[in-house]
Amino acid sequence: MLGAAFYHLHARLRTVGLRNLALAFPTFSPAERLRILRSHYRHLGWHFAEFCRMTRYTQAGSADWIRYEGFEHFQRAQAAGKGVLILTGHFGAWELSSFYHSLMGHPMGLVARRMDNPLLDGFVRSIRCRHGNWIIPRDQFARGLLEAMRNGRSVGILMDTNMTPPEGIFVPFFGLPACTASGLARIALRTGAAVVPGFLLWHHDESRYVLHFAPALQFEETADRARDIERLTAQCTAVLESWIRRYPDQWLWIHRRWKTRPAGQPSLYPAGSASAAHAQATNDSRSAQKE
């Protein structure tokens, strides 16, 4: 109900989502893209409800509806002692993923922006940090990550938001140049920390969440540090894209991921185009239902 209400009440985000899906999946029919977006809003509703209930969760109580897969990849990276950078995004139940990992005895750092409302910021922080997680403010990103890696700790980094130069560099994402945060690559190359993909996704076939850890990324450095940063950032983005393609309805399509454009390129979000796409997709979906 929360997801459906948000879908119908916020037209601008709905049309941004359809525009993003058209950019990422140009061969999909409008009706299929609309189906993915509606399912995505349902997952957003679930995510909000999960966040409100997380303080009630216990290790024993979560055993039936959430599990790890590939946990050995995280353990192996942590045992190396140089710190673990967990590559993740606004994908699946991202708030629950770090909470569950700390609940199971593996607290981690979270890079997050301070909220404008201090009361809301304190409330959200109290839930996120209930079992030992800690917050690294965005304005202390480099110092916080370097300290965590020196101490062999783990930090989760959301790498799927639109950035602007010089913090962001352009790398391919669904075949389009996307301005992407390069901080993870810079820290990994400077400290030797492991980069481990981690995503908490809902599995319909099991009716439960699965916290996936993939093997640490393998990367060979060269004498060209700037080029290495670009290559590793592109590699991280390609990994994220590969997971989104497997679970397309669980990524945050309503974010304007391709807002920043390379110099001289026009906006990918021209006024009116998304609304037209939504109207067309709605008509196609109704036609498909009648058929």
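The values are calculated or read from the model by the stated rules, or taken from the named source; none is laboratory data. Only a predicted model underlies this, so the values are computations on that prediction, with no experimental measurement involved. Positions of Cβ are backbone-derived with ideal geometry, glycine not excepted, and every protein chain shown enters the neighbour counts.
How do the pairs read when you match residues in segment 36-61 that are within 14 Å of residue 129 (Cα to Cα) with residues anywhere that are modelled with pLDDT under 90 and in a loop (DSSP other than H, G, I, E, B), using Cβ under 9 Å and keeping only pairs 6 or more apart or on different chains?
From residues that are within 14 Å of residue 129 (Cα to Cα), there are no pairs.
Restricting attention to segment 39-57, report how many residues are over 18 Å from residue 200 (Cα atoms) and buried (at least 18 other Cβ atoms within 10 Å of the Cβ).
Selection size over segment 39-57: 0.
Scan segment 155-164 residue by residue and report those that are in a loop (DSSP other than H, G, I, E, B), under 15 Å from residue 185 (Cβ atoms) and either more than 10 Å from the chain's Cα centre (by Cα) or at pLDDT below 95 (or both). Break it down stepwise before answering.
Restricting attention to segment 155-164, the residues satisfying the condition of being in a loop (DSSP other than H, G, I, E, B) are 159-164.
From the residues that got through so far, the ones that are under 15 Å from residue 185 (Cβ atoms) too are 159-160, 163.
If the condition is that a residue be in a loop (DSSP other than H, G, I, E, B), under 15 Å from residue 185 (Cβ atoms) and either more than 10 Å from the chain's Cα centre (by Cα) or at pLDDT below 95 (or both), then 163 is the only one that fits.
Mind checking which pairs have a first residue in segment 70-96 that is assigned to a loop (DSSP other than H, G, I, E, B) and surrounded by fewer than 16 Cβ atoms within 10 Å (Cβ to Cβ) and a second that is at pLDDT below 95 and not aromatic (Phe, Trp, Tyr), Cβ under 6 Å, 6 or more apart or different chains?
none
Which pairs do you get when a residue that is farther than 30 Å from residue 71 by Cβ and free of Cβ contacts under 8 Å to residues at least 60 places away in the same chain, found in segment 207-227, comes within reach of a residue that is of a type outside the set (Lys, Arg) and surrounded by 10 or more Cβ atoms within 10 Å (Cβ to Cβ), reach meaning Cβ atoms under 8 angstrom, with the pair 6+ apart or on two chains?
From segment 207-227, the pairs are 222/228; 225/189.
One residue is enough: does segment 154-170 have a residue meeting the conditions without any contact (Cβ under 8 Å) to a residue 40 or more places away in the chain, surrounded by fewer than 22 Cβ atoms within 10 Å (Cβ to Cβ), touching a helix residue (DSSP H, G or I) at 6+ places or on another chain (Cβ under 8 Å) and of a type in the set (Val, Ile, Thr)?
no
Quick one: how many residues across segment 235-261 are buried (at least 19 other Cβ atoms within 10 Å of the Cβ) and aliphatic (A, V, I, L, M)?
Of the residues in that region, 4 qualify.
Scan (1) in contact with a strand residue (DSSP E or B) (Cβ under 9 Å, 6 or more places away or on another chain); (2) under 19 Å from residue 82 (Cα atoms); (3) not aliphatic (A, V, I, L, M) for the single condition residue 190 breaks and write down its number.
(1)
Name the single residue that is surrounded by the most Cβ atoms within 10 Å (Cβ to Cβ) among those in segment 6-31 being more than 16 Å from residue 269 (Cβ to Cβ) and touching an Asp or Glu at 6+ places or on another chain (Cβ under 9 Å).
30
Specify the residue that is surrounded by the fewest Cβ atoms within 10 Å (Cβ to Cβ); the eligible residues are those in segment 125-152 that are under 22 Å from the mean Cα position of the chain (by Cα) and touching a residue at least 60 places away in the same chain (Cβ under 8 Å).
Here the answer is 130.
May I ask you to list the residues in segment 102-154 that are in a loop (DSSP other than H, G, I, E, B), of a type outside the set (S, T, N, Q) and closer than 28 Å to residue 75 by Cβ? Please lay out each step first, then the result.
Taking segment 102-154 first, the residues in a loop (DSSP other than H, G, I, E, B) are 104-108, 113-117, 129-133, 151-153.
With the extra rule that they be of a type outside the set (S, T, N, Q), the set shrinks to 104-108, 113-116, 129-132, 152-153.
Matches in segment 102-154: 104, 105, 106, 107, 108, 129, 130, 131, 132, 152, 153.
What are the residues in segment 105-124 that are surrounded by 15 or more Cβ atoms within 10 Å (Cβ to Cβ) and not small (Gly, Ala, Ser), if any?
Passing the criteria: 106, 107, 108, 110, 111, 121, 124.
Could you pull out the residue among 257, 231 that is of a type in the set (Lys, Arg) and part of a helix (DSSP H, G or I)?
231 is the lone residue from the list that is of a type in the set (Lys, Arg) and part of a helix (DSSP H, G or I).
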